[in-house]
Amino acid sequence: MKQFLTITALFLAFSFTTKAQSVYHATKSYEGTWNSYSQKYVWGSANNVDIRFTIQGDIVLVGDRVGSTYTTGTQLTDQWNNDGGHEYSWRARDEKGISCIFKLINYNDGSKLMEVFYSDYAFMYVIPN
């Protein structure tokens, strides 16, 4: 009985200290480049993909070929957009330590958009509902 209580206590302690994780699958991706004349990113054509995103706390693991990882830091936005999306963004660093902005937009229909902005290029991922 003592052993059972010890195992139960360890299980409960582990359960409450482990961060929950969310998993999403992107079906389309876009690459963008910064246009200094228009002062905005210009997005290329859509690519059909099957990329898994795992978010656990402040870490975003991307199941792409290079094994991208984003560690978020200071939150920059937490706001509702005019089109019904709830937008969040954070300062972040990728797996190479390069600074970027990681953005997540949740739409009313359950779909999501994840974007990663560097100084001269960006990536956008569409996650259907």
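Throughout, read-outs are computed from the coordinates displayed, never taken from laboratory work. Fair warning: this is a prediction, and the values are worked out from it, not measured in the lab. Counting neighbours? That spans all protein chains shown, and the Cβs are built from the backbone with ideal geometry, glycine included.
General observations
- The trypsin sites (Lys or Arg not before Pro) of segment 46-129 that DSSP puts in a loop, and whose beta carbon has at most 16 other beta carbons within 10 Å, are ARG65, LYS96.
- Close amide-amide hydrogen proximity is noted between SER68 and VAL62, each under 5 Å apart and 5 or more residues distant or on a separate chain (H modeled in the peptide plane; Pro and chain starts excluded).
- Rg of the Cα atoms in segment 54-129, relative to 2.2 N^0.38 Å, amounts to 1.08.
- 0 to 90° range, to nearest 10: angle between helix 2-17 axis and the chain longest Cα axis: 20
- Share of pairwise Cα-Cα distances greater than 15 Å in segment 79-121 is 46 percent (whole percent).
- Across segment 47-58, coupling constants 3J(HN,Hα) worked out from phi with the 6.51/-1.76/1.60 Karplus curve, θ = phi - 60°, read 10, 6, 9, 9, 10, 8, 10, 10, 10, 9, x, 9 Hz, and Gly and Pro carry x.
- D (Stokes-Einstein, µm²/s), Kirkwood Cα radius, the chain, 1.567 mPa s at 4 °C: 79
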